[in-house]
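The values are calculated or read from the model by the stated rules, or taken from the named source; none is laboratory data. The shown structure was predicted, so the numbers you read here are calculated from the model rather than taken from an experiment. Glycine gets a Cβ as well: all are built from the backbone with ideal geometry, and neighbour counts include every protein chain shown.
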Amino acid sequence: GEDVEQSLFLSVREGDSSVINCTYTDSSSTYLYWYKQEPGAGLQLLTYIFSNMDMKQDQRLTVLLNKKDKHLSLRIADTQTGDSAIYFCAEIGLTGFQKLVFGTGTRLLVSP
Amino acid sequence: DTEVTQTPKHLVMGMTNKKSLKCEQHMGHRAMYWYKQKAKKPPELMFVYSYEKLSINESVPSRFSPECPNSSLLNLHLHALQPEDSALYLCASSQGGTDYEQYFGPGTRLTVT
């Protein structure tokens with residue numbers, strides 16, 4: 001089955017680093033994604049990683065993938081108040097090549 | 001340009017009404033998607049169109065009827081909805097084939113009274 005779990009809430013101070021974690025169960029996952037959703041808005045694709053990679057960096061964002069433990073993380077450096085949002089990880093597996101399965105979402109609150 | 005547009009932004013409808021949600025993209029994408037998102041929950045896939053053909057229907061009730069008139073447009077026709085269908089309806093698109101980056105629209109907030 002496909003289960004993607006995230007912690008519900010993370011609170012950090014402006015300027016700190018944030019680390020949002022995600023665990024998944026589908027070992028056939030090929031791509032893993034991070035999306036950001038601000039209140040009342042759609043989802044913004046932040047970054048993604050292919051399953052044969054273990055790290056990807058894109059400006060303030062670093063994605064780490066531990067395929068053995070089925071663990072994915074998103075690190076946001078120098079977190080800003082504008083980063084406050086819900087962050088979803090998502091996977092696509094070989095069994096459903098177009099079907100994105102989303103995690104439960106982590107609400108990030110950045111205080112000044 | 002990675003823009004997906006959706007209309008209307010908000011919709012309130014009674015259980016006997018018929019209405020449609022519209023989605024448009026001009027990125028040349030060949031796959032388009034409808035997702036439903038309830039409050040404080042992740043989006044759930046409803047339908048996928050690939051090259052204008054319905055390729056995935058996630059056992060959605062027939063009161064939701066998708067339509068893909070051409071590769072840029074995706075509609076969701078609504079009829080005889082229930083209050084529990086109130087949600088944010090999100091459209092997304094991707095290149096299709098082996099390109100899996102899905103880009104989302106801002107959504108339509110639907111309230112069924």
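Test A:T62 against the criterion of being of a type outside the set (A, V, I, L, M, F, W, C), away from every other protein chain (no Cβ under 14 Å) and either part of a strand (DSSP E or B) or touching a strand residue (DSSP E or B) at 6+ places or on another chain (Cβ under 8 Å) (or both), and give yes or no.
yes
Evaluate region B:57-76: report whether one residue or more is within 12 Å of chain A (Cβ to nearest Cβ) and without any contact (Cβ under 8 Å) to a residue 24 or more places away in the chain.
Within region B:57-76, one or more residues are within 12 Å of chain A (Cβ to nearest Cβ) and without any contact (Cβ under 8 Å) to a residue 24 or more places away in the chain.
The conditions are (1) loosely packed, with under 13 Cβ neighbours inside 10 Å; (2) without any contact (Cβ under 8 Å) to a residue 40 or more places away in the chain; (3) not acidic (D, E), and A:K56 fails exactly one of them. Which is it?
It is condition (1) that A:K56 fails.
Among A:T30, A:T47, which is within 10 Å of the chain's Cα centre (by Cα) and not aromatic (F, W, Y)?
A:T47
Given the criterion within 14 Å of chain A (Cβ to nearest Cβ) and either touching a Ser or Thr at 6+ places or on another chain (Cβ under 8 Å) or within 18 Å of A:Y35 (Cβ to Cβ) (or both), identify the matching residue among B:K53, B:K22, B:K36.
Step by step, each of B:K53, B:K22, B:K36 is checked, and only B:K36 is within 14 Å of chain A (Cβ to nearest Cβ) and either touching a Ser or Thr at 6+ places or on another chain (Cβ under 8 Å) or within 18 Å of A:Y35 (Cβ to Cβ) (or both).
Would you be able to tell me the number of residues in region A:8-33 that are farther than 17 Å from B:A39 by Cα and within 12 Å of chain B (Cβ to nearest Cβ)?
6
Let me confirm something: among B:V48, B:V12, which residue is β-branched (V, I, T), in contact (Cβ under 8 Å) with a residue 24 or more places away in the chain and closer than 26 Å to B:A80 by Cβ?
Result: B:V12 is the single residue among B:V48, B:V12 that is β-branched (V, I, T), in contact (Cβ under 8 Å) with a residue 24 or more places away in the chain and closer than 26 Å to B:A80 by Cβ.
Criterion first (of a type in the set (S, T, Y) and in contact with a helix residue (DSSP H, G or I) (Cβ under 8 Å, 6 or more places away or on another chain)) does A:S7 satisfy it?
no
Does at least one position in region A:70-87 carry a residue that is within 12 Å of chain B (Cβ to nearest Cβ) and closer than 22 Å to B:Y103 by Cα?
yes
Is it true that A:Y48 is modelled with pLDDT under 95, surrounded by 17 or more Cβ atoms within 10 Å (Cβ to Cβ) and assigned to a strand (DSSP E or B)?
Yes: the conditions hold for A:Y48.
Count, please, the residues in region A:1-23 that happen to be part of a loop (DSSP other than H, G, I, E, B) and out of contact with any Asp or Glu (no Cβ under 9 Å at 6 or more places or on another chain).
2
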